[in-house]
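The values are calculated or read from the model by the stated rules, or taken from the named source; none is laboratory data. In this text, all values refer to a predicted model and were calculated from it rather than measured experimentally. Positions of Cβ are backbone-derived with ideal geometry, glycine not excepted, and every protein chain shown enters the neighbour counts.
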Amino acid sequence: MMGLVLFAVLFVIFMLGYPVGLALGGVSVLFGYFFIPDFLDFLPLRVMGVMENQVLMSIPMFIWMGLLLEKSGIAEKLLESMTFLFGSLPGGLALSIIMVGTLLAASTGIVGATVVTMGLISLPSMIRRNYDIPVATGVIAASGTLGQIIPPSVVLVILGSVMNVSVGALFTSAIVPGLILVSFYILYVFTYARIFPHKAPALSPDEIKAFKTEGYQIRLFYAIGVPILLMLLVLGSIFLGIASPTEASALGALGALGIGLSSGSLSWTSIKESLQKAVHITSMVFLILLGATTFALVFRGLGGEAVMVEWIQKTQLTGTKFLILVMIVVFIAGFFIDFIEIVFIFVPVILPVLIALKVDLVWVGILLAVNLQTSFLTPPFGFALFYLKGVAPEEVRSIDIYKGVIPFLLMQLLVLVLIWMFPEMIYLIKNH
């Protein structure tokens, strides 16, 4: 029962607003010290096990890669080029945002940065071109969260490490669900713009003509081709077995640095700022990870895992029913705490039960990633909604954002159901 008491105490402390990493580690150490013999002999071994995990070394590199692309203005150039490529179509600007969100997700995997960047760059432009505000905000918020599921996703890296499954397998398995989701987004926007062209108008011929000045093909290639090449460098090296996810993350960071320097858009100051921010984010992630590792050790030492497995066996919950319960809990938790905290806190607790029930852990990992992405968009607490509201013009109300994300939220839930009903879809690329 002390394991359950530990869980309850931590829940109360989180609700009071204390830092998650410090609360996890501090409370767990106190419980371990007083209730587990020789606890302090085991803890250093667990901590060193985390620090020696080579998969986790990819996290700071992927984060730095994303920050370099943000600082170098690649996202802004990409969005401008995509806008004029699709601008002649009804809803062309919205379609370009979906495409940019997909490419940025495949290049960086940082949700908050993508939502904020596209919100700053494209939302004023869409409003100026008479786009319906809910449509504009919904497209930006939904496209910005694609980094949760499309590789190289930091979520998938962390899930692979915590669940002890191959990160490469998770990356490969996430491609088909990610592409299906993007296809649904594109189909929805295209259909909506055809039915309501006044709410998602095309660019004027004069705007498109003004863009097509001398040398615009070279600008297009650099703006669109370079991010695609970077994506192929990172993901291709993993899928072809040339590099591990950790090695590929270093290739990606080096590539992003080279792109920024060669274009002259990166100064020493911006590189320094990106490094400082990457260290800050990485430190936060690893502080939470070390706290969660301590919690998992104490929870197991107090018999919490055994109690959960025994409870599942007594209640005769099948693997399906237990997984539905897990999905509901994770979805609700996503309203209040960040995905990193959810993965580090909840997954180690449910993992022994999943193993005992012989559930496919790669499939569960993809379900969790899509689930977390969905909770990011769910009103009124979704993190992506807060990110977008923070950078939106004054005329954009919260209710506009909530209305805009509903269709995309339904599409994400549909993809989640499809993955649940047809788990073989995540192995399509592996099988061929």
inquiry  = Kindly evaluate Leu232 against the criterion of being under 29 Å from Leu67 (Cβ atoms), surrounded by 16 or more Cβ atoms within 10 Å (Cβ to Cβ) and not acidic (Asp, Glu).
reply    = no
ask   = So which residues in segment 400-410 are of a type in the set (A, V, I, L, M, F, W, C), farther than 15 Å from Phe331 by Cα and crowded, with 20+ Cβ neighbours inside 10 Å?
value = Ile401, Val405, Phe408
ask   = For segment 108-121, does any single residue satisfy the condition of being closer than 30 Å to Ser204 by Cβ, at pLDDT below 85, of a type in the set (S, T, N, Q) and surrounded by 24 or more Cβ atoms within 10 Å (Cβ to Cβ)?
value = yes
message = Out of Leu325, Leu351, Leu317, I need the residue that is of a type outside the set (Phe, Trp, Tyr), surrounded by fewer than 21 Cβ atoms within 10 Å (Cβ to Cβ) and within 21 Å of Leu45 (Cβ to Cβ). Which one?
response = Leu351
Criterion: among the small types (Gly, Ala, Ser), modelled with pLDDT of 85 or more, under 17 Å from the mean Cα position of the chain (by Cα) and surrounded by 24 or more Cβ atoms within 10 Å (Cβ to Cβ) - qualifying residue of Ala105, Ala142, Ala136 = Ala142
request  = Output yes when any residue across segment 4-23 is loosely packed, with under 15 Cβ neighbours inside 10 Å, farther than 29 Å from Thr137 by Cβ and among the small types (Gly, Ala, Ser), and no when none is.
outcome  = yes
ask   = If you go through segment 325-371 one residue at a time, how many are outside any helix (DSSP H, G or I), farther than 21 Å from Phe171 by Cα and of a type in the set (A, V, I, L, M, F, W, C)?
value = 4
request  = Just name the residue that is surrounded by the fewest Cβ atoms within 10 Å (Cβ to Cβ) out of those in segment 248-269 that are under 15 Å from Tyr222 (Cβ atoms) and over 24 Å from the mean Cα position of the chain (by Cα).
outcome  = Gly264
task = Hey, can you tell me all the residues within segment 376-432 that are in a helix (DSSP H, G or I), β-branched (Val, Ile, Thr) and in contact (Cβ under 8 Å) with a residue 24 or more places away in the chain?
result = Val391, Ile401, Val405, Ile406, Val415, Ile419, Ile426, Ile429
